[in-house]
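Visitor: Submitted below is the structure of interest, expressed as structure tokens.
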Amino acid sequence: MELKRFEKISKALGDTNRVKILHHITGKGGCGSCSDINELIDLAQPSVSHHIKILIEAGLIEATKEGRNHKYTLSKTTLNDYIHALQQLRLPACEQA
């Protein structure tokens, strides 16, 4: 994973409300609706839209329009790539002399 993408995802995950949105979508089997997310987070609708936009731009969720509503799907590929990149940061166990 390139460093800029890693940074964008890390910044997106740096906000409690965005992490709540991801947890909610995960709890719904990887799919969540806009109305459910608005009920979950105690923020004005424009603020919720802002958080969702950041998650979409980071590639963590994908949006599809169903009539007048939006449905958000977790991007498992992006999450797995990010987790793999984080695992690359682990230090090996130090050897005892």
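No value in this document is a laboratory result; all are computed from the given coordinates. None of the values given here were measured: they were computed from a predicted structure. Neighbour counts run over all protein chains shown; Cβ positions are idealised from the backbone, glycine included.
Visitor: Can you put SER35, SER75 in order, fewest other beta carbons within 10 Å first?
Guide: Ordered from fewest to most neighbouring Cβ atoms within 10 Å, SER35, SER75 come out as SER35, SER75.
Visitor: Write down the radius of gyration of the range 44-92 and its Dmax, each obtained from C-alpha positions, in Å.
Guide: Taking only Cα atoms of the range 44-92, I get Rg and Dmax of 14.4, 51 Å.
Visitor: Using Cβ counts within 10 Å as a stand-in for footprinting exposure, how do HIS24, HIS84 rank, fewest first? Don't jump to the answer; show the numbers that get you there.
Guide: Working: HIS24 17, HIS84 10.
Ordered by Cβ neighbours within 10 Å, fewest first: HIS84, HIS24.
Visitor: Using just the helices of the chain, give the 222 nm mean residue ellipticity in deg cm²/dmol: DSSP H runs with n ≥ 4 each add -39,500 (n - 2.57), and the total is spread over all residues, rounded to 500.
Guide: -17000 deg cm²/dmol
Visitor: Find the relative contact order for the range 2-77 and round it to a whole percent, using C-alpha pairs within less than 8 Å whose residues are 6+ positions apart.
Guide: In percent, rounded to a whole number, it is 34.
Visitor: Beyond 22 Å, what share of the Cα-Cα pairs of the chain is found? Please give it as a whole percent.
Guide: 33 percent
Visitor: Where a Cα-Cα gap under 20 Å defines reach, which lysines qualify for LYS20, not counting those fewer than 8 residues away within the same chain?
Guide: Counting by Cα, and skipping residues close in sequence, LYS20 has these lysines nearby: LYS8, LYS11, LYS28, LYS53, LYS71, LYS76.
Visitor: While we're here: With 10 angstrom as the radius, rank LYS8, LYS53 by how many other C-beta atoms surround their C-beta, starting from the fewest.
Guide: Fewest-to-most ranking of LYS8, LYS53: LYS53, LYS8.
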